[in-house]
Protein chains: 4
Amino acid sequence: MQSDTKPRWERRKDARPQELLAAALDLFVDRGYAATRLEDVARRAGVSKGTLYLYFENKEELFKAVVRENIVDVIGKAESDIAAASGASCSELLRTMLHKWWSEVGSTRASGLAKLIMAEAGNFPEIAAFYNDEVIERGNGLIASIVRRGVESGEFAPVDADVMTRVLTAPVLMLMLWSHSFFPCDTGGMDPEAYMAAFLGLVERGIRAPAPVAPT
Amino acid sequence: MQSDTKPRWERRKDARPQELLAAALDLFVDRGYAATRLEDVARRAGVSKGTLYLYFENKEELFKAVVRENIVDVIGKAESDIAAASGASCSELLRTMLHKWWSEVGSTRASGLAKLIMAEAGNFPEIAAFYNDEVIERGNGLIASIVRRGVESGEFAPVDADVMTRVLTAPVLMLMLWSHSFFPCDTGGMDPEAYMAAFLGLVERGIRAPAPVAPT
Amino acid sequence: MQSDTKPRWERRKDARPQELLAAALDLFVDRGYAATRLEDVARRAGVSKGTLYLYFENKEELFKAVVRENIVDVIGKAESDIAAASGASCSELLRTMLHKWWSEVGSTRASGLAKLIMAEAGNFPEIAAFYNDEVIERGNGLIASIVRRGVESGEFAPVDADVMTRVLTAPVLMLMLWSHSFFPCDTGGMDPEAYMAAFLGLVERGIRAPAPVAPT
Amino acid sequence: MQSDTKPRWERRKDARPQELLAAALDLFVDRGYAATRLEDVARRAGVSKGTLYLYFENKEELFKAVVRENIVDVIGKAESDIAAASGASCSELLRTMLHKWWSEVGSTRASGLAKLIMAEAGNFPEIAAFYNDEVIERGNGLIASIVRRGVESGEFAPVDADVMTRVLTAPVLMLMLWSHSFFPCDTGGMDPEAYMAAFLGLVERGIRAPAPVAPT
DNA sequence: AATGAATGAGGATTCATTCAT
DNA sequence: CATGAATGAATCCTCATTCAT
């Protein structure tokens, strides 16, 4: 009675969506949205094509789910963190956020999703809108709010927060693009760490308000 | 029955290639490589599908021709310029080159080609190799040679030329990506000029070697 | 709304390959390789274009499968038979093999494949190589081995086995060509049986070693 | 006045059709009817595609012209010869005709046309009909008339003339097929002369009426 | 006469999605 | 729930034929 009963936790169907999302992330990142075949996603997750459709309405919904799982959630967490960390210096906070962004998204497979969006948003307006609302707006808002706070407190030079947000995020975005299959044989000597260090050095020296000239 | 009958088509041998390249540039930039249909390119150029094949062997060759026409030629010109401008200060030269790059490629439709490559190189190795050889290698080499010269002459801090090249080019690349169909509704408040100004400011203050401390 | 609604399609996984091979044989034989459209093959098998590709990778593989199914297998069987029939007279064996060839391939639709190869091998080198290796070489080897054995045993006149093989097979080949769509309205009065009889008569009288002159 | 006039015999337009026919023969023979591109024919003849259409209405008419030029004319000549050679022995005449057929058509590039017809007649009924009327019927009629005469005169065994015609012509046809690109690497050791010799030997011994048994 | 640019119908192949089992 | 067979629209490319020059 015992032995021939299937163990009830074997391949719980609850695990399926996660397996599919993981497979989809890999393939979307490697090949892009249009070039990813759902059959490959299914196969990689160890199920059949039809099964995928039991969990996700279609390719688009699958993609959105992947983005939610890998990016949107991270942003949500960061938003809470910022709200909480009202005491820290903005410079410090900025460095922390940029680094966290890098470590929790940029340096993971998920960073490939940014590349994908940049590449294909034009062909898939629905997806573009979704990503814009759920990721871009919220992510940029996060950084901009810190910059704005720093400018107001006099810690930063009086820059335009929105422009500076893009200046600051650009290199991390670039690095994300580079990290994931920019193309096969490129990024030869590029070391992400070295890049981030060089970048943060520039920021350190470049954004800070000039120290008030000491009176002679 | 008269001479005013519209002919079914016109012979425009000399103009065709340019018209086709222009149409192809537009569509490749808007839709990417895979999603661009040759029939649409033809139609936009005012000819039929078949005609396109009279001038370009296939999709890949058409794309290469577009890249040559819009990017490779510019790089060639820049190479000559650099060789000639051996007298200028490296800082000056660097700013000039980055700006020229922006004005002659980045701010034109051609910048969309960079986005395209980033997006789809992984799916089209042949094209990736071509672009890498003809654009990336030569373009980076250009910047790196200036940095290297500046470091050697003591004008710049002793940075790694290859890493710094990527640091320097990243924002322009980013801007190129942003400028063209990042996605339809994005780049809202982004003003390229403001971005370039902020960026070049950073560079100015960040890369220069610290002025030797004046002896007391 | 009831159970009598015709389903849009039926699942017939096991039967499909055979149905497709049969349809393909018919069309390849009637129209040749290049002129056969896969959509027609599919339709004749009662499925859609896409379904064909579930079972055969492409046109070439479909064709190879047709040849394997209809010719290669028969040759394999004949090879075994010959090996087994070491006791029979070579003349007898030869007649048996030629006749079997005729009855199991020549007189069936499969004979059209020989015509097809003759016609189009030059344009499809891959297919030519396949057919040469799997059919021609093995088929000719079969006949040649019998002739050689007959010459060695003195039963046959001392002919060159390879040349004689072609002499012997030529008429059967011809007949195969004639039987199948040589062209629509030809072969008017030609009766294959009459032809084979005439041919075998020639062989009988022509190949046999002259009876030793009886001593006076 | 003299020197700058173009020599009037340079590339007389009268030569064009011949050049086109020669080019067409080559290509039809090498690639078959459907696979021969008129542009290639034109190029090989040293003219442009359009020019070809000045001399031949379309592909089909071009092909018919090639057949007329290379086969029909030969048959016409043979018909006259036979009518004239009423005195010869039928055996002799038969051998002569078969050999002439071989030497004037079979061993020339024109033999490829037979292959082409066999292969593609089914797809081009118009062409099939033309070839049947102009070549097959008249050619077979030629041989059959000789056989018939031989049977009537008692020189030959009492065979069915039409069947025997096909038996006799088959090997020559075969040889024609073999000679022209049967396929690339085949016909390895096959020497047409050896084949013809073996064949004529068979005929010699096989068709002749048994010598009347000498009265004891 | 000659040219060759232009046309457009036609066929192989791919893949998101549906649905019979 | 799960499967995977079946569908068919979509896209690249070819080539006989036409016709502006």
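The values are calculated or read from the model by the stated rules, or taken from the named source; none is laboratory data. Predicted model only: the values in this text are computed from it and were never measured. Cβ sites come from the backbone with ideal geometry, for glycine too, and all protein chains shown count toward neighbours. For the accessible areas, the whole protein counts, side chains as well, though only heavy atoms, and no ligand, DNA or RNA atoms are used. Shrake-Rupley method; radii C 1.70, N 1.55, O 1.52, S 1.80 Å.
So, B:ALA144, is that one open to solvent by less than 50 Å² (accessible area, probe 1.4 Å) and modelled with pLDDT of 90 or more or not? Here the answer is yes, as B:ALA144 does meet what is asked. One residue stands out in the range D:158-172 among those that are closer than 15 Å to D:ILE136 by Cα and open to solvent by 30 Å² or more (accessible area, probe 1.4 Å): the one that is farthest from the chain's Cα centre (by Cα), namely D:ASP162.
Of the residues making up the range D:83-125, those that are closer than 28 Å to C:LEU27 by Cα and in contact with a Ser or Thr (Cβ under 8 Å, 6 or more places away or on another chain) are D:SER111, D:GLY112, D:LYS115, D:ALA121, D:GLY122.
Applying the condition of being closer than 19 Å to A:GLY32 by Cβ and among the basic types (Lys, Arg) to the range A:99-129 and asking which residue is nearest to the other protein chains (Cβ to nearest Cβ) yields A:LYS115. In summary, A:LEU173 fulfils each of the numbered conditions (1) at pLDDT below 80; (2) over 29 Å from B:PHE124 (Cβ atoms); (3) within 7 Å of chain B (Cβ to nearest Cβ) with the single exception of condition (2). Contact map, the range A:152-164: first residue more than 14 Å from chain B (Cβ to nearest Cβ), second residue open to solvent by less than 50 Å² (accessible area, probe 1.4 Å) and not in a helix (DSSP H, G or I), Cβ cut-off under 9 Å, separation 6 or more or different chains; pairs are A:GLY154/A:ALA209; A:GLU155/A:ALA209. For the range D:17-38, the candidate set comprises residues that are touching a residue at least 60 places away in the same chain (Cβ under 8 Å) and within 14 Å of another protein chain (Cβ to nearest Cβ); within that set, the residue that is surrounded by the most Cβ atoms within 10 Å (Cβ to Cβ) is D:PHE28. Keeping to the range B:52-100, report how many residues are among the polar types (S, T, N, Q), part of a helix (DSSP H, G or I) and exposed (fewer than 15 other Cβ atoms within 10 Å of the Cβ). Going through the range B:52-100 one residue at a time, the tally reaches 1. Quick one: would you say A:SER153 is of a type in the set (S, T, N, Q) and open to solvent by less than 50 Å² (accessible area, probe 1.4 Å)? Against the criterion (of a type in the set (S, T, N, Q) and open to solvent by less than 50 Å² (accessible area, probe 1.4 Å)), A:SER153 does not qualify.
Can you find even one residue in the range B:130-146 that is touching a Leu at 6+ places or on another chain (Cβ under 9 Å), assigned to a helix (DSSP H, G or I) and away from every other protein chain (no Cβ under 13 Å)? The answer is yes; a qualifying residue exists. Taken over the range B:101-127, the criterion of being open to solvent by less than 50 Å² (accessible area, probe 1.4 Å) and among the charged types (D, E, K, R) is satisfied by B:LYS115, B:GLU120. If the condition is being within 10 Å of DNA strand F (Cβ to nearest atom) and surrounded by 19 or more Cβ atoms within 10 Å (Cβ to Cβ), then the range A:39-49 contributes A:ALA42, A:ALA45. For first residues located in the range D:39-61 and within 14 Å of another protein chain (Cβ to nearest Cβ), partners that are within 7 Å of DNA strand E (Cβ to nearest atom) and open to solvent by 30 Å² or more (accessible area, probe 1.4 Å) and lie 6+ apart or on another chain with Cβ distances below 9 Å form the pairs D:GLU39/D:SER48; D:GLU39/D:LYS49.
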